[in-house]
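Asker: My questions all concern the structure below.
Nothing in this text is a laboratory measurement; each read-out follows from the coordinates by a stated rule. These figures come from a predicted structure and were not determined experimentally. Please note: Cβ atoms are built from the backbone with ideal geometry, for glycine as well, and neighbour counts cover all protein chains shown.
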Amino acid sequence: MPNRLVVLIVDDHPDLLITLSSFVERLPYVRVLSTGDFGRVATWIAAEKCIDLVLTNVWLKGDFNGLHVADLAAAAHPEVAIVMISTDERSNIQGLPGHHAFIQMPFGVEALIEHVDDAFVRRHKS
């Protein structure tokens, strides 16, 4: 299906990565790329013709974080929608751009569906 929405999910917690990926990939119009490895993230961002939505945890282990993922994705795919995920409140995260959507954990599937649907609508308007 060529009009599938490409969603990149980045989290270093395997259980959360599996949960998010399993839910999102059930949507028939979505192709999911998921990883907790920054090398793989960078490769996918560079190689993919289009990434429509990035769901990333703000805090990741190692030398990179969700803000790095968002910056890299936005540089390569200017129309990408970014959704940052954290257990912290948005106001407690320094450097989080106002134009990135934010979901505080725990959250329900409705919040996730809303962002995936918004990305799908935006893609089909362009």
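Asker: In the chain, once you exclude exposed GluC sites (Glu not before Pro) (DSSP loop, at most 13 other Cβ within 10 angstrom), what's the longest stretch remaining?
Answerer: 1-78
Asker: Choose one of Leu17, Ile45, Val69: the residue whose Cα lies farthest towards the positive end of the charge dipole of the chain (beta-carbon charges +1 Lys, Arg; -1 Asp, Glu; about the Cα centre).
Answerer: Ile45
Asker: Here is a follow-up. Given R₀ = 25 Å, what would the calculated FRET efficiency be for Asn3 paired with Glu114, taking r from the Cβ atoms and rounding to 0.05?
Answerer: Working: r = 20 Å, r/R0 = 0.80.
With a Förster radius of 25 Å, E is 0.80.
Asker: Taking the chain as a Gaussian network, where each spring joins two C-alpha atoms under 10 Å apart, which residue of Asn65, Asn57, Asn92 fluctuates the most?
Answerer: Result for the chain, Cα springs under 10 Å: Asn92 fluctuates most.
Asker: Among Gly36, Gly66, Gly95, whose mean-square fluctuation peaks in a Gaussian network model of the chain (Cα, cutoff 10 Å)?
Answerer: Gly95
Asker: Take Thr43 and Asp88, extend 7 Å from each Cα along the Cα→Cβ direction, and tell me the distance between the two endpoints in nm.
Answerer: Spacing of the two 7 Å Cα→Cβ label points: 3.0 nm.
Asker: Treating only the Cβ of Lys, Arg, Asp and Glu as charged (+1, +1, -1, -1), what charge dipole size does the chain show about its Cα centre? Round to the nearest 20 debye.
Answerer: Numbers: 10 positive and 16 negative charges, 90 e Å.
Its charge dipole is roughly 440 debye.
Asker: So what's the back-of-envelope 222 nm ellipticity for the chain, counting only DSSP H runs of four-plus at -39500 (n - 2.57) apiece and dividing by all residues, rounded to 500?
Answerer: Details: 4 runs with 50 residues, N = 126.
Mean residue ellipticity, 222 nm, calculated: -12500 deg cm²/dmol.
Asker: Also, I was wondering about something else. Could you work out the local net charge near Cys50, counting Lys and Arg as +1, Asp and Glu as -1, over the other residues with Cβ closer than 9 Å to its Cβ?
Answerer: On the way: positive: Lys49, Arg123; negative: Glu48, Asp52, Glu79.
Local charge sum for Cys50: -1.
Asker: Highest GNM mean-square fluctuation, the chain, Cα pairs closer than 10 Å: which of Ile85, Ile45, Ile93?
Answerer: The residue that fluctuates most here is Ile93.
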